[in-house]
């Protein structure tokens, strides 16, 4: 189950369930663990106490036996009895010895038999009587070794129980008397059984051999595992607990090591048996916790649904807001996710609406500034609009600033990019001029406008601040846009209603960029103040320019145009008169075409009208370039084309008349009269088109006709001379010889041999 894909209600249900289950499970586990640990500790402590009690009982029994023997051996009567040789004639002493030793066999101490050995006289006495033990050296070897040892007494182990050996004489170099006391295992087991321990108890001797035990089978199985012996040997403490795992079952071993005998008292208990009671507690805890878990589950479900009810209501409310907020239908989606998506959609719509409102506000603000500049805002609305748009201004001086691009020629931009460039400049102005000193910048068709203001009353300081801003704008435009701009400032005004007048002043000031050039910073007072003087119109230069155009002298016309333009911007300069002068020269140049009957439409060539094109030019260089390429050069070309066509018509007409009327007294005046031109004009054009004058062309044509007649006809030279209107045949022959180098008769002989000699005269 992927928790992340669960619905919020299911998560809330799981969270509430876990909130109740986890503490309960921890409590149940800790209770069971604590119960098991406590029971195990109680068993271990109980076993240790039992072992200590068993040790105390057994060792007390052994010490009592030792004390009894020591007391017996220390009596003088006893000493006299057992230190004599065996003599059956001396019945009385041995009878008393046997009786006294029988008194040492106390039932409560578990003494099974008491035997006295006299190694010197080779006899012993016990319950069976007094006997000798000659030839039993192997049987008596342990006793002999003990007598030769430095020990005074010791406890040993035999097949039936434990045995206590004690020398009868102290501080004797070679003792020969010892007493042996036997205590059976049954008595020791009886001491252990009386304690009723939990689990199996046992006693091991110092060599880890089993002496006695309640459940010797269990203990012997554990002793098979050498690990228990190793752990007991390595333990330095006299008591403790061990955990031994044998045959997949864990045993708890409680041990106690006796400093008196060196024996190990063990209590072995199965952990499973110890925790049997705790398992019952665990089962009870489990069922109790299960019942509580069901209650918790029900409470979590009921509580989660109640807590989720407001979320479900909010979800239903959001889904009821319309299809636009619902998004795609997905019933498996979490309500919280759907609510989040709805909220995000609302926020997105809010952002969109906020952006739209901000855009509309910016547009309204720009529209207000535009109307303010144009004078379309009523006086009582101005302060209200300023407050609405957040302008808390108390300006003492208000100035209109106009920024205009000088030219796009020689840049990477075209005329179509001008609006984008003006908007970019508007953004630059917004960044360079602080908001308290300006209204929203706006863009018109030709320039970028700004309404600036200050609370400074000193105009000199204010104009200095304006210049700094203007230089910053020019630098930014040159750096980032790679264009040059000119900036004009109006005279400062005090009333908002005077802004339209200030705007017209900036427009007028920008016109003077014609004289000041590009990247100009123009103050209105510098160009409109002072007395008005009459501007001189260069009439002579105009005539020279028109003459150059009519004559088709392009270079001369270009020079005269440059001189004319420079003369127009000489002081005193007034833009209106400058414009009128340009319109005048435009009219004069256009009139040259009209005089020749050439339509002016070919100058426009599908573009804007000439006056509109000229009105969009701002600098002398642009104006000069426009006049040269848009007007003068096309006019010169049109006039030349017209002249060329007219000259060809005149020359063709004269040639045709020569070809048709060569046999009459044809003159240039006659031809000029027929085509209605002056003879001198016709002569000039004819010579220009044909390369020869009228008379030469006529004579050459007549010569060609004569050559044809000489070759193809039988006409005489005299007849030909008369037909060609020569005064005499001699003049014809002389002219023919001059041109052809031979006489007409010789020419005929070369070209036609059938002509008779009489015809040649």
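None of the figures in this text is laboratory data; all of them are computed from the coordinates on show. Quick caveat, the model's predicted, so the values are computed rather than measured. Every residue, glycine among them, receives a Cβ derived from its backbone with ideal geometry; neighbour counts consider all protein chains shown.
With 10 angstrom as the radius, rank 458, 248, 205 by how many other C-beta atoms surround their C-beta, starting from the fewest.
Ranking 458, 248, 205 by Cβ neighbours within 10 Å, fewest first, gives 248, 458, 205.
Provide the FRET efficiency to the nearest 0.05 for the residue 137-residue 230 pair, computing r from the beta carbons and using R0 = 60 Å. Walk me through the numbers on the way to the answer.
Numbers: r = 39 Å, r/R0 = 0.65.
Calculated transfer efficiency: 0.95.
Using Cα pairs under 8 angstrom and six or more residues apart, how large is the relative contact order of the range 393-528, in percent?
Values: 225 pairs, mean separation 46.2, N = 136.
This gives 34 percent for the range 393-528.
As an exercise, use a Förster radius of 45 Å and the Cβ-Cβ distance of residue 305 and residue 33 to find the FRET efficiency, rounded to the nearest 0.05. Mind dumping the intermediate values first?
Values: r = 36 Å, r/R0 = 0.80.
That gives a FRET efficiency of 0.80.
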Label model pair residue 661, residue 210: point-to-point distance (7 angstrom along the Cα→beta-carbon line) in nm is 17.2
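Going by average Cβ neighbours within 10 Å, how do the peptides 717-728, 397-408 rank, with the highest at the top? Each step should come with its number before you reach the end.
Numbers: 717-728: 16.7, 397-408: 21.8.
Peptide ranking by packing, descending: 397-408, 717-728.
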For residue 353 and residue 152, compute 0.36 nm times the residue count separating them, minus their Cα-Cα distance, and round to one decimal in nm.
-> 61.0 nm
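Take 182, 87 and order them by how many other Cβ atoms sit within 10 Å, fewest up front.
On the way: 182 18, 87 11.
Ordered by Cβ neighbours within 10 Å, fewest first: 87, 182.
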Stretchable slack from residue 96 to residue 640, in nm (0.36 nm times residue separation minus alpha-carbon distance) | 177.4 nm
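Suppose the chain between residue 411 and residue 57 were pulled fully straight at 0.36 nm per residue; how much longer would it get relative to their current alpha carbon spacing?
On the way: separation 354, 0.36 × 354 = 127.44 nm, distance 12.24 nm.
Difference between extended and current length: 115.2 nm.
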According to a simple spin-label model (label point 7 Å from Cα along Cα-to-Cβ), what is the distance in nm between residue 701 and residue 551?
-> 3.3
Exposure proxy order (Cβ contacts within 10 Å, fewest to most) of 307, 657 | 307, 657
If the label point sits 7 Å along Cα→Cβ of residue 518, residues of the range 457-478 with amide N under 16 Å come out as 474-478
Distance in nm between residue 583 and residue 106 label points, each 7 Å along Cα→Cβ, equals 15.9
